[in-house]
1. In region 535-613, which trypsin sites (Lys or Arg not before Pro) fall in coil by DSSP and have 11 or fewer other Cβ atoms within 10 Å?
2. Which ³J(HN,Hα) values in Hz, rounded to whole numbers, follow from the phi angles of region 132-143 under the Karplus curve 6.51 cos²θ - 1.76 cosθ + 1.60, where θ = phi - 60° and Gly and Pro get x?
3. Can you compute the modelled spin-label distance between Glu93 and Met656, with each label point 7 Å from Cα toward Cβ, in nm?
4. Amide H to amide H under 5 Å from Val338: which residues, 5+ apart in sequence or cross-chain, H placed 1.01 Å off N in plane?
5. Accessible area per residue of region 581-672 at 1.4 Å probe, in Å²?
6. Out of residues 5 or more away from Arg402 or on other chains, whose amide H comes under 5 Å of its own, with H placed 1.01 Å from N in the peptide plane?
7. Roughly speaking, to the nearest percent, how much of region 516-583's 1.4 Å accessible area is carbon and sulfur?
8. Which whole-Hz ³J(HN,Hα) couplings does region 286-302 yield from phi under the Karplus relation 6.51 cos²θ - 1.76 cosθ + 1.60, θ = phi - 60°, glycine and proline marked x?
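The values are calculated or read from the model by the stated rules, or taken from the named source; none is laboratory data. Everything quoted here is computed from the prediction, not taken from an experiment. As a convention, Cβ positions derive from the backbone with ideal geometry for all residues, glycine included, and neighbour counts pool all protein chains shown. The area values use the complete protein model at the heavy-atom level, side chains included, leaving out ligands, DNA and RNA. Shrake-Rupley method; radii C 1.70, N 1.55, O 1.52, S 1.80 Å.
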Amino acid sequence: MDTGRCVKNRKINKIRKEVTEPQEYSYSEKTCNSHREVGDGAPAENETEKPELMLTNKMNHSPSRIYLQLKIDVIAIGLLILALCTRLYKLDEPRHIVFDELHYGRYVSLYTKGVFFFDAHPPLGKQLLYLAGSIAGYDGNFTFDRIGTPYTDNVPVKALRLVPAVSGSFLVLITYFLMLELSLHQWTAILAALLVLLENCFLAQSRFMLLESIQILFGLCGVYCIIKSTKRIGLTALVWLCAAAVLLGCCFSHTHGRTCWLHSHAHVYPVRYADGRGSSHQQQVTCYSFKDVNNWWIVKRPDQASLAVSRPPDAIRHGDIVQLLHGITSRALNSHDVAAAVSPQSQEVSCYIDYNVSMPAQNLWRVDIVNRDSEESTWDSIRSLVRLVHVDTGSGLRYSGRQLPAWGFHQHEIVADKVLSHQDTIWNVEEHRYTKADDRKERERELVTAEMIPTAVTQLTFWEKFTELQYKMIAHAPDAPHGHMFASEPAEWPLLVRSIAYWLSPDSNAQIHLIGNIVTWYTGTISVVVYSALLAIYSVRKRRACEDLPPFVLNKFYETGYTLFLGYWLHYLPYFFIDRTLFLHHYLPAYIFKILLLAYIMDHIYLVLQLHEKTKHVTNLFILCVTIWLSYIVLTFKKFSVLNYGNVDLKENDLMSLRWKDTWDFILHKKI
């Protein structure tokens, strides 16, 4: 027998016994004991049978007793308490709109008032915010107009911020439990949880009415349940898998988008919008989600004065120039080179009112039949898909998908857009009738008494609703505005090139920024490189049949590493192919996987060092380095936490001491 090999096996099994559950490696322990006992000349049978005999005797002594075994993980409770303390501390400060609370607060108000709106993103997170506000008695009567606006007393700020704060706290806890499943040492799970706890960007994102902490929590819980299911069999595995499906569904979150009709009414655009821009002050044109008499339009040729249909009817063909008159107000559909109300990158659409000012009517539209069979195709109701192109500017009549403020009755915005290829520039005539009279009053009576198409709710299957919603959200995504002073590119995220200013106090230099713990951030990026290098080295060594590490160590490296390594890249790479304004917070789902990978790399290095007798001093040095590194993380977290809580008036010197990179932009009030 090879005595040297048995000694090595005993060392490996000792490590196994320290870092894994005993029952998973019971066969290996008995095998090694047998080798040792035979080599020493002692019988192997006695010791290998003792554990079984003891178990049997214990069971026979109390066959009828019922036990309730309760295990409390003190470390998990301690981590959760620390997370809650950091996330809930002075949660209602500042009592001002912080960054994207501007948008999510609007959604909460609309939910509270029962106003329909289209949202390009899944609704669950906003519905959870609404639930918290509803329980706290929020009535929806607050205008989320701009970042920095003070909250009034009727807004339950602490309640609205509570769901993200609690989610951010439990994110620390699920990190601990997830790494217990993935790593070989408990200290690795503690380290990973501490890295999340002491990460400034997660602290900032958890303290306000933002959704990333909720999304990441559901995502990690789903991954945890999937890993649990792989270690179980039968019904238990199925239960864990179902739980994973539910949680991941909550992470991605699902309502059927309503059709809307081209609409106008006898109300005009305000002279000035909330942001100070001026309008044409013409009659509003909107898209309305319900059947209404104000949805009727009359199509006529520009040189024809009569609105009554001639005999035989004059067919409108592809390429014809027409005017569209609103059926009730008799004003022509019009557009000028004036920025739209909510989408200033597009033109405003209106019904023309002659104010005797230097703004003549521009009310001619070219009919472009998208699904035409030939250049002579006629414009038919139901069948024809048409694009109406503004003759003077070449812009297409388009539904922007955005909602107008209260002055527009929260109806959807209609614009004229230079991008003609967009799906929302295509229109369809659902119903038509021939105008019989030129007299306006008589024509109005005809329209008011006209039978409307039945408005019963469209019956769609779950998958039809799901498909349509995904399409609507994908089609809406390219419309996001481009350019922002705090925007960043995906290539800049791993090195924390930019931060984001969330809020600046109107009275002092207290401010809130989304900025990461740079020590964790950079070592996390290094860990991705280290894992890639180790993966390449181990793969080459394996091809050459070199067994440097025990199989269970290599298997753990591949299984755990693939989960975290691929999790990082799957959440990071897609942003390189997205043509829209991006911010640092888009990186956070990938960043959480990078933190977990960092903790696992340290676990792996420590385990490799333990396998060699001659590296004991190196192991001690490694532990010392990790301790010093973790101390720097704590100090950095404390130093930059003033930018997360926003409750300290920072002087110019304070801001300069926090500007560790030239590309970080902080804000300083000018002295008057």
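1. Answer by residue number: Arg544.
2. Values, residue by residue: 4, x, 5, 4, 7, x, 5, 9, x, 8, 8, 9 Hz.
3. For Glu93 paired with Met656, the spin-label model returns 2.7 nm.
4. Close amide H contacts, sequence-distant or interchain: Glu348.
5. Averaged over the residues of region 581-672, the accessible area is 52 Å².
6. Glu413
7. Exposed carbon and sulfur together represent 66 percent of the surface.
8. With the stated coefficients, region 286-302 comes to 9, 10, 10, 7, 10, 5, 7, 5, 7, 8, 7, 10, 10, 9, 9, 7, x Hz.
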